[in-house]
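First the structure, in the form of structure tokens, and then the observations on it.
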Amino acid sequence: MFLTKEEEKMLDGEYGEATRLAMRLIVKVGEALGAQKLININSAQVSGVSYKNIGDPGIQLLEDLVRLGGKSKILSTLNPAGMDIKNWKKMGIPKEFAEKQLKIISLYMQMDILPTCSCIPYLIGNSPKYREHVAWAESSAVTYANSVLGARTNREGGPLALASALTGKTAFYGFHMEENRFPTHYIELKAKLRYPADYSILGYVVGKKIKTGVPLFSYTRMPPDTECLKALSAGLATSGSISLFHIENYTIEAIIKNKQLQDGKSNMERIIVEERDIKPVFEEYKLTTNPDLIYIGCPHASIQEIGKIAQMLRNRKIKGDIEFWVGTAANIKILADRAGYTDIIEKSGGKIITDTCIVVSPLKILGFQKILTNSAKACYYLTGLEKLDVGIATLEEIIKTAVEGI
Ligand code: F3S
């Protein structure tokens, strides 16, 4: 692999041991994947934050990097942690878990990585522009960044995204290269899609069907809004390893490359998605009794979603035996507080929790067994990894289940 003089110095340890180790990892992985060179990146989204996921070995690695002088060279943000950093007691998180989790956050901060603890960096200040190269972990954010923002990133693992944060570099391969961004499948949409839950399932269904590649969705007269786009991104990255999609005449690259896309359409594998593909997923993930936890915010909820939830819960009471969580980023919660949304949600018996989500928090320790959500990604992981009983429904249906007397 070709390295610049500067990159060679980094690899030789002239900028410290942490930089050397990070550089070595990037070069090794890049070489294994056939990259010819490294490129500069403008931001990193680092995963591997929850103590539930990385445990004591993860803490040890972070401590070593801090001791060796690791510092982020670029804008770097963090994925969700295992708990609400401020209000972990309200969540019922045990003290031992909280102490380890706070240690992890502090170690990342010592490396100048911002404690955003959210999977929607693109809505909270880490929002790369068209053609900007970044190195992000967190599959849903990767798909959103590539597809909606038109940024360039591969789906990095936590250690590689961290290495990119510490060097400002990534290997030039995969979705950083223009030729790999052209659609492979044409998805003709015949299903009626309205809610984020529908788009989440659409992503899940298409991911399951094609597994890998770049889908081009047919133009729809009701194009998905931000909430639906992030749900689609998460769904696609869950059941398949899809990190880039296009929507005809809607997403940025599809507009810019419209002529090429139309010309290339006949070479793409064609898949039709109808109502009968979407509906069975609502049946596959169905609860037969009331949930003990409702969770909205996978990916983390935007301020618009929180506003909508507040509007639906105003002057209503959530049933006493149901815990109701809206998961979001800490700075979005500040806005929700100011807008009065938090107050409405709390008065109805719900909570806005920040910095975490149901997949990376220790749900089993907290004693939850039956979860209702509007996210196919949450269903997939909670049934698969955690063996919990999980149902999916639209937000409207969820509120009906949650609230007394409607
Ligand atoms: Fe985000 Fe957690 Fe879902 S990290 S995409 S809320 S599983």
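The values are calculated or read from the model by the stated rules, or taken from the named source; none is laboratory data. Keep in mind it's a predicted model, so treat the numbers as computed, not measured. Here Cβ is always computed from backbone atoms with ideal geometry, including for glycine, and neighbour counts include all displayed protein chains. Keep in mind that these areas ignore ligands, DNA and RNA; they rest on the heavy atoms of the full protein, side chains included. Shrake-Rupley method; radii C 1.70, N 1.55, O 1.52, S 1.80 Å.
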ask   = Between Ile353 and residues 5 or more places away or on another chain, which pairs have amide H atoms under 5 Å apart, with H built 1.01 Å from N, and which residues are they?
value = Val326, Gly327, Thr328
ask   = How would you order 270-276, 353-359, 394-400 from highest to lowest mean count of nearby Cβ atoms within 10 Å?
value = 353-359, 394-400, 270-276
ask   = Across segment 39-47, in residue order, what do the Karplus-derived ³J(HN,Hα) couplings come to in whole Hz, using 6.51 cos²θ - 1.76 cosθ + 1.60 with θ = phi - 60° and x for Gly and Pro?
value = 10, 7, 10, 9, 7, 10, 10, 9, 9
Of Lys9/Lys71; Lys192/Lys259; Lys52/Lys387; Lys169/Lys377; Lys192/Lys377, pairs whose Cα-Cα distance is over 22 Å = Lys192/Lys259; Lys169/Lys377
query = Quick one: with all protein chains in place, what share of the accessible area of the chain is carbon or sulfur, to the nearest percent (1.4 Å probe)?
reply = 52
request  = Along Cα→Cβ, 7 Å out, is where each label goes; now give me the distance between the ones at Asp56 and Ser127 in nm to one decimal.
outcome  = 4.3
key: Cα gyration tensor shape for the chain, rounded if a/c is under 1.5, else prolate or oblate   = oblate
inquiry  = For segment 171-230 and segment 331-390, what is the centre-to-centre distance using only Cα atoms, to the nearest Å?
reply    = 25
remark   = With every protein chain in place, the accessible area of Glu6 for a 1.4 Å probe, in Å² rounded to the nearest 10, comes to 90
task = Kindly report the accessible area of the chain per residue (heavy atoms of protein chains, probe 1.4 Å, no ligands, DNA or RNA), in Å².
result = 42
message = Show me the ranking of peptides 30-41, 188-199, 370-381 by mean Cβ neighbours inside 10 Å, starting with the highest.
response = 370-381, 188-199, 30-41
remark   = If amide H atoms are modeled at 1.01 Å from N in the peptide plane, then the residues at a separation of 5 or more from Lys73, or on another chain, having amide H under 5 Å from its own are Leu166, Thr167, Gly168
R0 of 30 Å, Cβ-Cβ distance Lys89-Arg314: FRET efficiency to nearest 0.05 = 0.65
task = Please name whichever of Ala234, Val205, Tyr195 sits farthest to the positive end of the charge dipole of segment 182-281, dipole taken about the Cα centre and charges placed at Cβ: Lys and Arg +1, Asp and Glu -1.
result = Val205
inquiry  = Can you return the aspartates and glutamates within cross-link range of Lys286? Criterion is Cα-Cα under 13 Å, with same-chain partners fewer than 8 residues away left out.
reply    = Asp389, Glu397
Residues with amide H under 5 Å from that of Val390, placed H, sequence gap 5 or more = Ile371
